[in-house]
Structures are given as structure tokens and as C-alpha cells.
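Chemist: Please find one structure pasted underneath; my questions will follow.
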DNA sequence: CATTTATTGTGTAAACTTTACGCAATATAA
DNA sequence: TTATATTGCGTAAAGTTTACACAATAAATG
């Protein structure tokens, strides 16, 4: 039985980026086959003797010349055996984040075309890729509440308002700026830099950075990140 | 490339059961091959043109004659290409729960042997099955806090003390009985039956049942299940 | 160059939730 | 009949979240 199994294994990546109050998803232009010329999620078939995580990282490098900041497995799509018209294929989807440094640097590798699309301007995509993006977005929204994942979408040093706006933008909610700041600061994993950022008018802002080491240590001591919201 | 892909796709199930203050995992005795005679997680290769969820349910029926109460995808194991000595295989692992009605009724189907093992008496298993069980247990513990999943491990009608003990047993924590009761009841999805259960000495207990319909409705209205603990 | 506008930083009181703990009610066991 | 086990309910203290106001510091405007 296992000799005759003809199921193919693919990986797909949903890479999120954030800049100027907008959430983006990375898509690439299909080069061959039935969907040639259409935008799809980066991904492809896993090679023999290649681990899944390796496969995603390889595809991201090949197709978009990108190295991500955060990567985790999202879900394996394989209930619909006709999800790929080329034949029975399951796809292990990965959820990834990049910070702004990696946002604008997508070299065109081997004639591939990669582009950032605002999340709310994504049309109907081939396969079940819209469904996959929906699931990834759901995960991103959920994780903002219980993991310090927002920092992976920001610069290393950021003013507090960046974090605040990122939360409001992605969660599509409004909440009190002052309470949010107090809450996050009270958790004790932000380092206050002595630098100061001036941008446009208004009082210049202190810059903060996420102290990942400290956070990891706190996590081991039964600390739980959690943020609830108002409005 | 995709023509020569030789990766096999399997599913595995981690089925949890609970009774008399003990958490159990379902294992089956391997019938053929290198690990013949050893206990492993139920599962097997996915058939051509078979969906993943179908594959798990089929294997559970074939190998243990069981239908589960709750089923969700856990994780896809495929970073280690040598996790199965028979060749490159990825396994989509599923997390399942059964209630006590299904706990003791495992018919021996086609010469297979299935058995419930207390979670703390599981020895070294073949493949990466111990790792899979660890991940499933972690998920179970986490979900008890943010999803009403405990009810799937109990009888339809149960005294409050059952729920309370299930939480303490699985989470390996102690907390205040009275506060726990108050908290759960305040969430408003338990129906109080007018039946009463007597068991041994002590005041007889009211029986409660989980109102799944009501819970689903509340969930849609932005209600979030959540339980934090003391001690 | 004084005034307006934009944005940051800090504080405090009220409402709500969680935690700690006492005791009456109702059964069986001795 | 008394002791023991277990259930059911209530209340005060501690902690957390929410709502809201105003001073500080810059650029933009006339």
C-alpha cells in the first residue's frame, strides 16, 4: 500500500510585513503551469530527504530572496484531495513575520517576481490560498494577545506609538493609548533606550526595544504574556 | 521533480481518555514490521484520494474500533527526515478526546490490540511518538484554560467535583474548589439538571451538563472562555 | 516670535475580577 | 447518636482593568 502512495507534499508560507499602518502579505508570480502569471503564496514541493522547515526557508530564499524573522507551522491542508488540480497534494503551511528591514528588499531571483500586497487588497487566488491566508491572519490576531509577536514586525528600536498603532491596525480595534502603554511597560520586558526619535511635530518619543532574553527567562518562571482590550 | 518525490504521508492520533482521576492515552500493538509487538500511537499511511481527517477516523476505527468525541489537527512532524526508519515519512498528528462511554469499549478488530495507558506510565515508544504525546499533552493542558474541552472527557451529566478534579489532575495543580465553581458557573453555559448523584458519603451532588449550543452562541458574541488559576 | 497644533508622558479614582477563607447542609460510616 | 465526608453558598480583601485629564515638548503657522 505505502509503495503505491501518490500523495505529494508541498509547503507554503504566509509572510506578513507591516509598515506605515498597513499589514502586507508576500505573494509571488507563478512562472509555470496552469496558473502561470497569477499571484500565489510562496512555496513548493518538498525535496526528498528535506525537512519541512528547510523546505520553507529554501523556497523563501529561492522565490523571494528573503530570510524571515519569525517562522512557525500554521496548519496542514489536506482534507480536500482536489485542492490542487495537478493531483492529490497536501500542503504544510507556515506562518512567518519579517521586520521592516526585510520589507523592501526582495531581489528578483531566477526570473521570479515577488511583491508585498496590502492584506485588504488581495483578490481571489488559485488553490485554497485565500483560505490559508485567512487562517494565518486569524493566528496573527490571536497571537498578538498572548505572545509578544508584534515586535517581530517592528524595527529593533521603536517609539511606543508604533506598537500601539500596530495593534490597533491589525486587530482593527481602538483602545486607550495610556492604558496600553501602562500595561505593556508593567510586564517588564521593554528596554528603554536613551535615544529619542523626532518625527514630524509633537513631543519627541523615547525609543524602546524588546528584551527577548529577559522575556524568555520570565516565560520559564511561569510568566504569561497577555493583553486584553477595551473599547 | 514532483514526479520523483518519494515522501510518504501518514497520520497519527493521540487519543486522551479520563477516568477516576487518571488521564489515559490510547496505544495499539504494532502487528508487522520492525517494531512488531511494540505499542505505538494509532495511525497509518493516508490512502490515495483520501482526506487527512478521513484517514485518522478510518485508522481509529480499524485499529481500535473507536469513534472520538473531539478531534483536531495537532502538528505535522516532518523536520527530521529519518523519524521513520522505513524511509522519509511525514506524519500529520491529530489530537482527540473521548468521554467515558467510549473508554472501555475497544473491540479487537482484525487481530489488532488496543489499550489505554495512564499518561505517566508510558515507556519509550518507537519513532518520535513520545515527542508527539508530549506535544499533545501540552496542547491539552493549554486548552483547558481557554476552551471548554474538559467536558469532552466527562460524562454528559456530571457532578461539579468531577470537573474540578479533572482540572486538578490534568494540570497537576491545586486550586480553590469554591472559586473554581463560582467562576465556571458565572460563565453561564452549564445547565443544572434536577437529578442528583449520590456516591459514597457526603452530601449528594447536583448534576450539570455543558450547554454546547449556548456556548457556541456566546462565542459568536465575542465571549471568551478563560480560566486562570491560583496556588 | 508668539500662538496654534500635534504628539508624548504621567497620574488617579471607579468598576470589576480574582483570591482567600468560613460555615451550614446533607449524606454515609462508625 | 456522633463522627466523617462532601456539597453548596457567601463575603471581605487584594489585585487588575478601565475611564478620563492635563502637563511637556516639539514642529507648523501667521
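Coordinate-derived values only; no laboratory data. Please read all numbers here as calculations on a predicted model, not as lab measurements. Heads up, the Cβs are rebuilt from the backbone with ideal geometry, glycines too, and the neighbour counts pull from every protein chain shown.
Chemist: Quick check on chain A: helices-only [θ] at 222 nm, where DSSP H runs of length 4 and up contribute -39,500 (n - 2.57) each and the sum goes over total residues. Nearest 500, please.
Modeler: Result for chain A, helices only: -8500 deg cm²/dmol.
Chemist: Along Cα→Cβ at 7 Å, what distances in nm separate the residue B:212 label point from those on the other copies, shortest first?
Modeler: 4.2
Chemist: Can you list the copy-to-copy distances for residue A:169, using a point 7 angstrom from Cα toward Cβ, in nanometres, shortest first?
Modeler: 4.9
Chemist: Return the average number of partner chain Cβ atoms within 10 angstrom of each residue Cβ along peptide B:77-85.
Modeler: 4
Chemist: Angle, helix B:177-187 long axis vs. longest principal axis of chain B, Cα atoms, 0 to 90°, nearest 10?
Modeler: 80
Chemist: Counting only other chains, and only Cβ atoms inside 10 Å, what mean value do you get across the residues of B:43-50?
Modeler: Taking the mean over all residues of the peptide, I get 5.
Chemist: So for each of B:91-102, A:190-201, A:142-153 I average, over its residues, the number of other beta carbons within 10 Å; can you give me the resulting order with the highest mean first?
Modeler: B:91-102, A:142-153, A:190-201
Chemist: Please identify, among B:33, B:44, B:65, the residue showing maximal mean-square fluctuation in a Gaussian network model of chain B using a 10 angstrom Cα cutoff.
Modeler: Of B:33, B:44, B:65, the most mobile in the Gaussian network model is B:33.
Chemist: Right, another one. Among DSSP bridges having both ends in the protein assembly as shown, what percentage is antiparallel? Round to the nearest 5.
Modeler: Around 75 percent of the beta bridges assigned by DSSP in the protein assembly as shown are antiparallel ones.
Chemist: Could you tell me what percent of the DSSP beta bridges with both partners in the stretch B:8-145 are antiparallel, to the nearest 5?
Modeler: DSSP beta bridges in the stretch B:8-145 are roughly 70 percent antiparallel.
Chemist: Under the rule a/c < 1.5 gives rounded, and otherwise a/b versus b/c splits prolate from oblate, where does the protein assembly as shown land using the Cα gyration tensor?
Modeler: It is oblate, given that a/c is not under 1.5 and a/b is not larger than b/c.
Chemist: Could you tell me which of rounded, prolate or oblate describes the stretch B:157-220, using a ≥ b ≥ c as the square roots of the eigenvalues of the alpha-carbon gyration tensor, with rounded for a/c under 1.5 and, failing that, prolate when a/b is larger than b/c and oblate otherwise?
Modeler: Oblate, since a/c reaches 1.5 and b/c is not below a/b.
Chemist: Provide a whole-number value for the mean count of partner chain Cβ atoms within 10 Å of the Cβ atoms in peptide A:90-100.
Modeler: 1
Chemist: Helix B:129-146 against the longest principal axis of chain B: what's the angle in degrees, Cα atoms only, rounded to the nearest 10?
Modeler: Here the helix axis deviates by roughly 30 degrees.
Chemist: If you look at just the Cα atoms of the stretch B:116-156, how large are its Rg and its Dmax in Å?
Modeler: Looking at the stretch B:116-156, its Cα Rg and Dmax stand at 12.4, 36 Å.
Chemist: Note the angle between two axes, namely the Cα long axis of helix B:160-171 and the longest principal axis of the Cα atoms of chain B, as a number of degrees from 0 to 90, rounded to the nearest 10.
Modeler: The angle comes out at about 40 degrees.
Chemist: Let me ask another. What does the copy distance list look like for residue B:33, label position 7 Å along Cα→Cβ, in nm and ordered from shortest?
Modeler: 2.8
Chemist: Further question: Using only Cα atoms, what is the ratio of the radius of gyration of the stretch B:89-187 to 2.2 N^0.38 Å?
Modeler: 1.27
Chemist: Under 1.5 on a/c is rounded, so check that first for the stretch B:37-153, then, if it is not, pick prolate when a/b is larger than b/c and oblate when it is not; a ≥ b ≥ c are the square roots of the alpha carbon gyration tensor eigenvalues.
Modeler: rounded
Chemist: Right, next: Among bridges DSSP assigns within chain A, what percent are antiparallel (round to 5)?
Modeler: For chain A, the DSSP antiparallel bridge percentage is about 75.
Chemist: When you count, for each residue, the other Cβ atoms within 10 Å and take the mean per peptide, how do B:69-81, B:176-188 rank with the highest first?
Modeler: The peptides rank, most packed first, as B:69-81, B:176-188.
Chemist: Quote the convex hull volume per residue of chain A, based on C-alpha atoms, as a whole number of Å³.
Modeler: Normalising the Cα hull of chain A by residue number yields 165 Å³.
Chemist: A follow-up question, please. Name the chain B residue with the Cβ nearest the axis that maps B onto A: which is it, and what is the distance in angstrom?
Modeler: Nearest Cβ to the rotation axis, residue and whole-Å distance: B:76, 2.
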